[in-house]
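A short worksheet on the structure shown next.
The values are calculated or read from the model by the stated rules, or taken from the named source; none is laboratory data. Since we're looking at a predicted model, the values are computed, not measured. Note: ideal-geometry Cβ built from the backbone for every residue, glycine included; neighbour counts use all protein chains shown. SASA here: full protein model, heavy atoms, side chains in, ligands and nucleic acids out. Shrake-Rupley method; radii C 1.70, N 1.55, O 1.52, S 1.80 Å.
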Amino acid sequence: MTHLWVRAEQRPNECRVGLTPEGAAALRAAGMRVTVEESATRAIGIEGYRAAGCDIADEGSWPEAPQEAIIFGLKELPEDGTPLPHRHIMFGHAYKGQHSGQALLDRFKAGGGTLYDLEYLVDETGRRVAAFGYWAGYAGAAVSALAYAAQARGGICPEVTGWADKSALLSDVGAALKAAGELPRALVIGALGRVGSGAADLCKALGIAVTRWDMAETADGGPFPEILEHGIFINAIFARPGTPVFVGPKEAAAARALRVIGDVACDPDSDYNPVPLYSEATSWSAPVVRVAEAPSLDIMAIDNLPSLLPRESSEDYASQLLPVLRDLGAIDQDVWARAEATFRKHL
């Protein structure tokens, strides 16, 4: 019997989950055993999983899970260097030149486990089968707008704490822009993708004029002076070999209208970072880092943006992923086999 073990997220401000109680009930009906850890922060309460017939485990008990269990989480594991003997489903951030990625792969190598990276669950055409991208773009553009509003009033973006739903987010950000007395123009690169469409939809909802770019507009490799003509620039392009630099030190020092970069893709430790102006992700407590003065330039690079809208993003993502989770009984085939092959290649 396939055993899926849903772990509690252990990083701060992470309230999402990749499986809803309804999804867990569907997996159980298909003959799967499902264990769900208790969590003090998960946006969806444990009682729904209990009612669905799941086994309930203590928070953080996954290292003692049976060897055959498949451990399912979203964000990173604690960086304690311990070997990883289980099969894990999560976002590993280990295949694109990230400097912390090798340490994670070394832990799998030492323990004999396997990483099925959620970013690399793809169909036969190479398209991801599930993604949080839309809500990352939506929330990232919202925080970028908050940063612009704070800067317009002579300050810097304050702490963010998440929103109960989309309506609450729009109310708060709209009020901040109104208090600032001006609306920026925004440019979104990657506007045809999930992330970019979410960012553009947020701008549209707030009345922010948005310029939408995608591969055609960036094919010549730059430079891109048009970026500097907008108050907000949203990077929705995931870093990979060949990605051009959109805004670097030279652009930051130039005359510009640009005040805020929302680096939703957020790969600061990648060798291919298209915004090489900062070295680590920002946080909920400090959403931006100021990288230039006169005029100010702030970068928003929160790396768990969808958790600012945890219930909506969890329900959306879980509905996309559920059909693939149903196939875990054939983990050596199709989507799962491709993910394992990618892991073996990088290992």
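Candidates are the residues of the stretch 17-32 that are closer than 30 Å to ALA281 by Cα and open to solvent by less than 10 Å² (accessible area, probe 1.4 Å); the one that is farthest from the chain's Cα centre (by Cα) is LEU19. Scanning for something closer than 16 Å to MET300 by Cβ, out of contact with any Cys (no Cβ under 9 Å at 6 or more places or on another chain) and open to solvent by 30 Å² or more (accessible area, probe 1.4 Å), does the stretch 227-242 turn up at least one residue? Yes, some residue in the stretch 227-242 is closer than 16 Å to MET300 by Cβ, out of contact with any Cys (no Cβ under 9 Å at 6 or more places or on another chain) and open to solvent by 30 Å² or more (accessible area, probe 1.4 Å). Considering only the stretch 45-66, I want to know if a residue exists there that is within 22 Å of LEU321 (Cα to Cα), modelled with pLDDT under 95 and touching a Lys or Arg at 6+ places or on another chain (Cβ under 9 Å). No, the stretch 45-66 has no match at all.
Report yes if ALA265 is without any contact (Cβ under 8 Å) to a residue 60 or more places away in the chain and either open to solvent by 20 Å² or more (accessible area, probe 1.4 Å) or among the aliphatic types (A, V, I, L, M) (or both), otherwise no. In short, no.
Within the stretch 130-151, residues that are within 15 Å of VAL173 (Cβ to Cβ) have Cβ atoms under 7 Å from residues that are charged (D, E, K, R) and open to solvent by less than 10 Å² (accessible area, probe 1.4 Å) in these pairs: ALA147/ASP298; GLN151/ASP298, counting only partners at least 6 apart in sequence or on another chain. Applying the criterion of being in contact with a Gly (Cβ under 8 Å, 6 or more places away or on another chain) and in a loop (DSSP other than H, G, I, E, B) to the residues of the stretch 224-237, the residue that is nearest to ALA139 (Cα to Cα) is ALA236. In summary, ALA286 fulfils each of the numbered conditions (1) open to solvent by less than 20 Å² (accessible area, probe 1.4 Å); (2) in a loop (DSSP other than H, G, I, E, B); (3) of a type in the set (Gly, Ala, Ser) with the single exception of condition (1). Just give me the residues in the stretch 189-198 being in contact with a Ser or Thr (Cβ under 8 Å, 6 or more places away or on another chain) and not in a loop (DSSP other than H, G, I, E, B), in sequence order. If the condition is that a residue be in contact with a Ser or Thr (Cβ under 8 Å, 6 or more places away or on another chain) and not in a loop (DSSP other than H, G, I, E, B), then ILE189 is the only one that fits.
Just one of the numbered conditions (1) closer than 19 Å to GLU22 by Cα; (2) out of contact with any Cys (no Cβ under 6 Å at 6 or more places or on another chain) is not true of GLY92: (1). Look at the stretch 86-99: where a residue is farther than 22 Å from VAL324 by Cβ and a partner is of a type in the set (Asp, Glu) and surrounded by fewer than 21 Cβ atoms within 10 Å (Cβ to Cβ), sitting 6+ places away or on another chain with Cβ atoms under 6 Å, you get GLY97/ASP271; GLN98/ASP269; HIS99/ASP269. In summary, ARG311 fulfils each of the numbered conditions (1) under 17 Å from the mean Cα position of the chain (by Cα); (2) basic (Lys, Arg); (3) loosely packed, with under 15 Cβ neighbours inside 10 Å with the single exception of condition (3).
Criterion applied to ALA191, ALA186 was being touching a Cys at 6+ places or on another chain (Cβ under 7 Å), of a type in the set (Gly, Ala, Ser) and open to solvent by less than 30 Å² (accessible area, probe 1.4 Å), and the one residue passing it is ALA186. Determine if the stretch 145-164 includes at least one residue that is surrounded by fewer than 14 Cβ atoms within 10 Å (Cβ to Cβ), within 21 Å of the chain's Cα centre (by Cα), at pLDDT 95 or above and over 22 Å from LEU258 (Cβ atoms). The answer is yes, given that some residue of the stretch 145-164 is surrounded by fewer than 14 Cβ atoms within 10 Å (Cβ to Cβ), within 21 Å of the chain's Cα centre (by Cα), at pLDDT 95 or above and over 22 Å from LEU258 (Cβ atoms). Residues that are under 28 Å from TRP135 (Cα atoms) and either open to solvent by 50 Å² or more (accessible area, probe 1.4 Å) or in contact with a Gly (Cβ under 7 Å, 6 or more places away or on another chain) (or both) within the stretch 1-14 comprise ARG7, ALA8, GLU9, GLN10, ARG11, PRO12, ASN13, listed in sequence order. Screening LEU169 with (1) within 22 Å of the chain's Cα centre (by Cα); (2) modelled with pLDDT of 95 or more; (3) among the aliphatic types (A, V, I, L, M); (4) more than 19 Å from TYR317 (Cβ to Cβ) gives one miss only, at (4).
Among the candidates ALA265, ALA257, the residue that is at pLDDT 95 or above and part of a loop (DSSP other than H, G, I, E, B) is uniquely ALA257.
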